[in-house]
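Computed from the coordinates by the stated procedures, all read-outs in this text should not be read as laboratory data. It should be emphasised that the depicted structure is a prediction, and the values quoted were computed from it without experimental measurement. With ideal geometry, Cβ positions are generated from the backbone for all residues, glycine too; neighbour counts draw on all protein chains shown.
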Amino acid sequence: MDRLKGVEYFKRIYELGSFTAAANELQCSNAVISKYVRFLESWTGSRLINRNTRTISFTEEGERFYRYCVSVTGQTNELLDAVADSDELSGELVVASPVSLAIAVLGPLFIRFQKENPSLSLRLQMSDQLTDLVGSGVDVAIRGIGAPADSSLIATRLGALDRVLAASPGYLKSAGIPTDIEQLQSHKCLVYSLSLDANRWEFMAPDGSEEPVSVEVTGPLVADNSMILVEAAKADLGIAMLPRAYIESELSNGSLQQLKMDAEPVPRSIYAMYSDRRYLPRRARKFIDFIRQSL
């Protein structure tokens, strides 16, 4: 049997915590996965996984063998990168991105990157929820949440999106047009629940100091997807704080109106996040550089 393939299979079994999940990702049967585990246990002379009909757990030897698998696969990929044609990217790149950001901003960049690298397979996982990079097999996650609190991840800043306050002419006609950020407390505000400043919108200090000022907001709709907030704002439900890139057409056609306030919203930084490991595949490095330069 292919020992290197067995090492790769064991690594994903450990990270996904399931024979079935590993088999689905690797596009093989549970029987093949089990056969490779038995082969590896015979090769190492140790029981690596305790398993029953419902769960699996890893022995002390299995834990050590996983660390060996991480080292071997990293070094193997590093060697393949070193000897590969420097102009040719191949293999599969798995990228996670928020739905709204992918549709409004990143989608054309993803397509262009793949067209410029036709031998590369690009697999997108679009979700506004934070992604378990290791467990889901993601190479790079793009997020607008700032540097991650998880110390096991590395965050590389790609750029920033300007944010604006916007509302429909209908809402502003009935509720009035605020000009001071403190006035937002008496308005209906539409909240993006996954934002760092979800319920306390942050603005750049008018005096130019580095510390932002914030205003507590409430309203009739809280959502974990920005595109829903765009539609809600157009339907006269309230004021939304949104990246300008998401609503360019609405601002142009007048269905939404940008509010001019005494302070500007803090821009939202965009980060590429990846596992804190010594080796990052060349295709992932090239992708990160491409997105950074494009933004």
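Which order do the peptides 263-275, 109-121 come out in when sorted by mean C-beta neighbours inside 10 angstrom, highest first? Present the calculation step by step, with values, prior to reporting the outcome.
Working: 263-275: 19.5, 109-121: 14.4.
The most tightly packed comes first, giving 263-275, 109-121.
Going by alpha carbons, how many degrees (0 to 90, nearest 10) lie between the helix axis of 60-83 and the longest principal axis of the chain? Orientation of helix 60-83: about 80 degrees from the principal axis. Enter the angle in degrees (range 0 to 90, nearest 10) between the Cα long axis of helix 282-294 and the first principal axis of the Cα atoms of the chain, meaning the one along which they spread out most. Long axis of 282-294 versus the principal axis of the chain: about 10 degrees. Each of M204 and S29 was given a label point 7 Å from its Cα along the Cα-to-Cβ line. The distance between the two points is 6.2 nm.
At 0.36 nm per residue, minus the direct Cα-Cα distance, what do D262 and R64 gain on full extension? Give it in nm, one decimal, please. Write down the numbers at each step before the final one.
Numbers: separation 198, 0.36 × 198 = 71.28 nm, distance 5.83 nm.
That pair, D262 and R64, stretches by 65.5 nm at full extension.
Debye-formula intensities of the chain, expressed as log10 I(q)/I(0) at q = 0.08, 0.13 Å⁻¹, are -0.48, -0.95 (one equal scatterer per alpha-carbon, no solvent). Label separation (Q129 vs T20): 1.7 nm, computed from points 7 Å beyond Cα along the C-beta direction.
At full extension, I228 and M1 could sit 76.6 nm farther apart than now, given 0.36 nm per residue minus the alpha carbon distance. Could you work out how far the C-alpha centroid of region 233-272 sits from that of region 18-75, in angstrom? Using only Cα atoms, the two centres lie 49 Å from each other.
Axis angle, to the nearest 10 degrees, between helix 30-44 and the longest C-alpha principal axis of the chain: 60 degrees. Counting lysine pairs in the chain whose alpha carbons fall under 26 angstrom apart, excluding pairs fewer than 8 residues apart on the same chain, gives 11. Calculated mean residue ellipticity at 222 nm for the chain: -11500 deg cm²/dmol, from DSSP H runs with n ≥ 4 weighted as -39500 (n - 2.57), summed, divided by the residue count and rounded to 500. Under a model in which nothing but the beta-carbon of Lys, Arg (+1) and Asp, Glu (-1) is charged, region 3-83 shows a dipole of about 340 debye around its Cα centre. Of the residues S195, I239, S168, the one whose Cα sits farthest towards the positive end of the charge dipole of region 163-266 is S168 (charges of +1 on Lys and Arg Cβ, -1 on Asp and Glu Cβ, taken about the Cα centre). Packing-based ranking of 227-239, 63-75, 282-294 yields 227-239, 282-294, 63-75, ordered from highest to lowest mean Cβ neighbour count within 10 Å.
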